[in-house]
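The values are calculated or read from the model by the stated rules, or taken from the named source; none is laboratory data. The shown structure was predicted, so the numbers you read here are calculated from the model rather than taken from an experiment. Note that we place each Cβ from the backbone using ideal geometry, even for glycine, and neighbour counts take in every protein chain shown.
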Amino acid sequence: MSKKYLGAARSPDGLGIFKDHETDWVLKRTWEQMSEKAAETGELLFAAHQIEETDGESWISVWANLGDRILSHAQEALDAGHSVSAREAFLRASNYYRTAEYGCPPQHPRFHELWSKSVAAFQAACPLFDPPIQILNIPFDKWNLPGYFWQPKNDGRKRPTFISLGGNDSSGEEIFITTGFGAVRRGYNYFTFEYPGHRGAVHLDNNCVKRYDYEVPVKASLDFLETLPGVDDRIALGGFSYGGYVASRVACFEKRIKAVLPDTPIVDMPTLVLSGFLGPLIKGLSPDILDRVVARRLRKSPLTKALLDYSAWTWGAKSLSEEFALDSFRNHVIRDEIKAIDCPALALVGKDEGEEMVKQAHFFYDNISSTNKHIHTFTRERDGSNDHCQMDNFSRAHQVAFDWLDDIFPR
């Protein structure tokens, strides 16, 4: 396998299908959704073997074509009255379109189109579940933030609610597939929304970018959540990847959060990004040459380049150097603020997702004020998982997180 450019949020272990580590890891990310009927091995292998990994256009077109084909299967099943087959195919089409869009930098002509197709395919599946998944628009500032709400039954019964917040480069539909079904199977209400800077929010308005004070938009989402049926004060907040910063930040200020589960807790974003995540790629580079050198180094890793271009765009920046100079980026530090967290807390981290990720997870655990707190480090030997956000074993991640939460909210 080729050089690993990203030094955090990635396990060194891949599938071995692609030589480029990031390309192989993104395929694994798409593959893992098979646990929720949103991918299939035969389709994934067929696509992967057609891709020239150093050609970004090859990645985009192969996954988009697969999305189109599976979408046609979904529509055929729906037209024939086979709702289960239709919803499963819609989920797979959504995943494959998302994978295609992942390879698009924001200036790519198919960037918005493929995101829209992924959303539309997922939302076509929503009414085919029982009860249907509710599609939401949550008012905040001048925007309507997209989201979803789902319950085990529409029976008016009060249940605890699990809120799930995605990361830097996840979509609202991806985070639903990876966490929503597991929550509802266990009897929780499930709520997710795309905060400013999250993929769907920025696609809808490129001014709706990342900010450090996420307690502000999350307050608006909690106000909205409280109007939904079956919701009481048993509210747990999970945050994944960059969402681990968001959830940790919110729990410092928002007392309606009765349990917090950051996966992974992030307390110092500048340190994580500059010395951990991008350390192997940018170490020793001065700001005036950073963007040129990074572009040259990533000529044969178009997915890494697309990810970094996308990430800068979600900050409202045009380049990495511009992103790193932003006050909003530098203000992503909550080392002192986390002392205010006193609700039950479960910190989750993969053993091999990078030294800085593990270090910040332990700092979070050691410095919050919660008396009921636990940290779980996933290992391949014990858990069958060592990757970022358990991208290699959702079933084990759900077991650890929701079994802990069941003890917090006994029913």
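Could you please let me know if R110 is basic (K, R), outside the structural domain of D387 (by TED's automatic domain parsing), in contact (Cβ under 8 Å) with a residue 12 or more places away in the chain and closer than 21 Å to D169 by Cβ? For R110, the condition - basic (K, R), outside the structural domain of D387 (by TED's automatic domain parsing), in contact (Cβ under 8 Å) with a residue 12 or more places away in the chain and closer than 21 Å to D169 by Cβ - is met.
The condition of being of a type in the set (V, I, T) and surrounded by fewer than 19 Cβ atoms within 10 Å (Cβ to Cβ) holds for only one of V84, V26, that being V84.
Going residue by residue through the stretch 55-70, is there one that turns out to be touching a Pro at 6+ places or on another chain (Cβ under 6 Å), part of a helix (DSSP H, G or I) and more than 20 Å from E43 (Cβ to Cβ)? Yes, because at least one residue in the stretch 55-70 is touching a Pro at 6+ places or on another chain (Cβ under 6 Å), part of a helix (DSSP H, G or I) and more than 20 Å from E43 (Cβ to Cβ). For the stretch 232-242, filtering for residues that are within 24 Å of the chain's Cα centre (by Cα) and surrounded by fewer than 21 Cβ atoms within 10 Å (Cβ to Cβ) leaves 1. When restricted to residues that are buried (at least 23 other Cβ atoms within 10 Å of the Cβ) and touching a Lys or Arg at 6+ places or on another chain (Cβ under 9 Å), the stretch 140-171 contains 7. Counting only strands (runs of 3 or more DSSP E) that sit wholly inside the stretch 98-198, those with at least 1 residues that are closer than 20 Å to R29 by Cα are 159-165, 189-193. Answer yes if at least one residue in the stretch 116-138 is in contact with a His (Cβ under 6 Å, 6 or more places away or on another chain), assigned by TED's automatic domain parsing to the domain that holds T41, touching a residue at least 40 places away in the same chain (Cβ under 8 Å) and among the aromatic types (F, W, Y), and no otherwise. Within the stretch 116-138 (the criterion being in contact with a His (Cβ under 6 Å, 6 or more places away or on another chain), assigned by TED's automatic domain parsing to the domain that holds T41, touching a residue at least 40 places away in the same chain (Cβ under 8 Å) and among the aromatic types (F, W, Y)), the answer is no, since none of the residues qualifies.
For the stretch 136-168, a residue qualifies if it is touching a helix residue (DSSP H, G or I) at 6+ places or on another chain (Cβ under 6 Å) and of a type outside the set (S, T, Y), and the qualifying residues are I138, F140, L145, P146, W150, P152, F162, L165, G166, G167, N168.
You will find that of G316, G350, the residue that is within 29 Å of L27 (Cβ to Cβ), modelled with pLDDT of 95 or more and not β-branched (V, I, T) is G350 and no other.
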